[in-house]
Amino acid sequence: MSALLRWMRRQAVPLLVFILFIGGWEAIIRGFAVESFLVPAPSAVIVALLRGFAQGNYLGHAGVTAFQAVSGFLLGSALGIAIAVLVVVFPALERIVYPYIVALQTVPKVAIAPLIVVWFGFGMESKIIVVALVSLFPVLVNMMAGLKAVDQDRLDLLASLSASRWQILRHLRFPNALPFLFAGLNTAIVFAVIGAIVGEFVGSNRGIGFLILQANFALDIAATFALFVVLSVMGVALHSVLQSIQRRALFWNRTVEAGPGATPPA
Amino acid sequence: MPRQSSGARVAPEDCGAAALSIRDVGMVYGAGAGAVEALSGITLDIAAGEFVAVVGPSGCGKSTLLKLVTGLRRPSRGNILLQGRRVEGPRSDVGIVFQSPVLFPWRTVLDNVLLPIEVLKLPKARYRDRAMELLELVGLERFAAHYPAELSGGMQQRASIARALVQDAPVLIMDEPFGALDAMTREQMNLELQRIWQAQRKTVVFITHSIAEAVFLADRVVVMSPRPGRILEVIVNPMPRLRSLDDMLVPDFADQVRHVRSLLGGKGAEL
Ligand SMILES: Nc1ncnc2c1ncn2[C@@H]1O[C@H](COP(=O)(O)OP(=O)(O)O)[C@@H](O)[C@H]1O
Ligand SMILES: [Mg+2]
């Protein structure tokens, strides 16, 4: 009970700010009679949101966008990790592969997206590939940095035990890279949602991006805002899932904060 | 000149054969104008079970000597024999303790101690008990399941000593292992190290820049010159074991410390 009270006290100020913000917004729209096709009032957004879910199509479209974002993110991250590991374990590869990766990165994905839709069609595949492409780079770069940023004494210790490069990877480089990897994943998950929407903008008949285009064409700005809300909830949800995985995987990175007397994880 | 204060510690077959034999070793880093001569003409025989301390000003090549003896680097000239076999690369018959604990933060203390066993592909299950005994020896048995970040600096260094002992290598090399600890913890660790050395019967090469620490711990103190490191003198310390901190107050001890300090030119180390 007291835990709940403490939680409420901690949330009180942010909640108050939120209420003031929404209330102020509503007051300005009503007070200055702003046209609803320019900026909708929060109440109109809520109505649009409820209607969207009641009609039953928001959930399905949100599912499609989330699926594309998550699968593309997983694919891109897996590729990023794999390339980083190969390049660090076989340094000769780095000079061959890396220029292509950088070249690919300098091309804006928005510019390639139409091409990918031409190649892979209007379905989910093209969006998953766009998402994978945007997720790849932050994961790759961070993972490479983490695999390389190992302490020389730890390397010497393993070398003194005649460790193979795979043992050095497993016992030192990989765990050492995890905090870096999660930094990359946190960036990539945000990029992933953007990538999915961009893919849907270019050509699709499903997903939140598709609905946003439709609402825009119909000048239904309240629905557009309602879809922004759906998107941010999706983004926050994906981000917090990632955060909780990170807390589990990087428990040793936080033990300092836990302080003395903390019971170690089993 | 094998020291023979306690005959029991030197097995008959070891007579004459040193545990570690360093023969006219020289080390030059780099080449051409930028070459750095770190060590020159080092010759030293260390008997099995002996505790030898190496003191010298910083930059005189002490850590270089560790890298050569452990096979992490090859000497530019000369030979090193460990257990009678020439050192040509890393070997599992020598344990290392570095200046910093060099623990792996994602492993528990016990798993850190068992790391050499995993890397050497020895049966981990069989070494578990030994690892626990070693943790008991260094006073960390209650912290086996803890992570390094939960331990103080002294405790972390004790864990790293347990790790260096786990594969039961006959030779232990320590590179300024207590340099980062405060004076009181350091004295405590010196006492414990003496006890551990007696219990485990290892040959120890102990690198330090503290003269008092060297004299307190060692059977022989090797005093080195500034770069390029050469051996200035090897001083035998006949004080009986186990030594206590009070032994540091006897005139003999003070004489030895004074002698080493005069060799080092009265600088470069604290008492
Ligand atoms: N990898 C290296 N490359 C070039 N010079 C080195 C290297 N390691 C050590 N040295 C040089 O060799 C000398 C001895 O270093 P070191 O063995 O670390 O001394 P100590 O441990 O006694 O302080 C120093 O001058 C140092 O700069
Ligand atoms: Mg050194």
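The values are calculated or read from the model by the stated rules, or taken from the named source; none is laboratory data. Every value quoted in this text rests on a predicted model; they were computed, and no experiment measured them. Because the Cβ atoms are built from the backbone with ideal geometry, glycine has one as well, and the counts that use them run over all protein chains shown. With ligands, DNA and RNA removed, areas are computed over all heavy atoms of the protein, side chains included. Shrake-Rupley method; radii C 1.70, N 1.55, O 1.52, S 1.80 Å.
Couple of notes before you dig in:
- The residue list A:I81, A:I128 contains one member that is open to solvent by less than 70 Å² (accessible area, probe 1.4 Å), under 30 Å from A:S164 (Cβ atoms) and under 19 Å from the mean Cα position of the chain (by Cα), which is A:I81.
- Residues in region A:139-180 that are more than 10 Å from chain B (Cβ to nearest Cβ) and not in a helix (DSSP H, G or I): A:A149, A:V150.
- Among the residues here, A:G24 qualifies as over 21 Å from A:V233 (Cα atoms) and open to solvent by less than 100 Å² (accessible area, probe 1.4 Å).
- Every residue from region B:111-134 that is within 21 Å of A:S164 (Cβ to Cβ) and either assigned to a loop (DSSP other than H, G, I, E, B) or without any contact (Cβ under 8 Å) to a residue 12 or more places away in the chain (or both): B:D111, B:L114, B:E118, B:V119, B:L120, B:K121, B:L122, B:P123, B:K124
- Any hit, region B:59-73, residues being in contact with a strand residue (DSSP E or B) (Cβ under 7 Å, 6 or more places away or on another chain), more than 11 Å from ligand 2 (Cβ to nearest atom) and on the phi > 0 side of the Ramachandran plot: no
- Look at region A:157-185: where a residue is more than 19 Å from A:W252 (Cβ to Cβ) and a partner is among the polar types (S, T, N, Q) and surrounded by fewer than 21 Cβ atoms within 10 Å (Cβ to Cβ), sitting 6+ places away or on another chain with Cβ atoms under 9 Å, you get A:S160/B:S92; A:L161/A:Q167; A:L161/B:S92; A:L161/B:Q167; A:S162/B:S92.
- The one condition in (1) under 20 Å from the mean Cα position of the chain (by Cα); (2) charged (D, E, K, R); (3) open to solvent by 60 Å² or more (accessible area, probe 1.4 Å) that A:K148 fails to fulfil: (1)
- Residue in region B:218-228 that is polar (S, T, N, Q), away from ligand 2 (no atom under 16 Å from the Cβ) and open to solvent by 10 Å² or more (accessible area, probe 1.4 Å) present: no
- Region B:86-103, residues that are surrounded by fewer than 16 Cβ atoms within 10 Å (Cβ to Cβ), within 8 Å of another protein chain (Cβ to nearest Cβ) and free of Cβ contacts under 8 Å to residues at least 24 places away in the same chain: B:G89
- Single residue of region B:141-156 satisfying the filter (part of a helix (DSSP H, G or I) and either basic (K, R) or open to solvent by 20 Å² or more (accessible area, probe 1.4 Å) (or both)) that is farthest from B:T108 (Cα to Cα): B:G153
- Single match in B:A159, B:A212 (criterion: away from ligand 2 (no atom under 16 Å from the Cβ), within 14 Å of chain A (Cβ to nearest Cβ) and at pLDDT 90 or above): B:A159
- Residues that are modelled with pLDDT under 90 and buried (at least 22 other Cβ atoms within 10 Å of the Cβ) within region B:162-197 are absent altogether.
- Of the residues making up region B:55-72, those that are open to solvent by less than 20 Å² (accessible area, probe 1.4 Å) and more than 9 Å from ligand 1 (Cβ to nearest atom) are B:V55, B:L68, B:V69, B:T70, B:G71.
- Filtering B:S63, B:S58 for residues that are in a loop (DSSP other than H, G, I, E, B), polar (S, T, N, Q) and farther than 17 Å from B:R158 by Cα leaves a single hit, B:S58.
- Only one of the numbered conditions (1) over 30 Å from A:M144 (Cβ atoms); (2) buried (at least 21 other Cβ atoms within 10 Å of the Cβ) is violated by A:Q68, and that is (1).
- Annotation: of all residues in region B:119-140 being over 21 Å from B:T185 (Cα atoms) and open to solvent by less than 40 Å² (accessible area, probe 1.4 Å), the one that is farthest from the other protein chains (Cβ to nearest Cβ) is B:A131.
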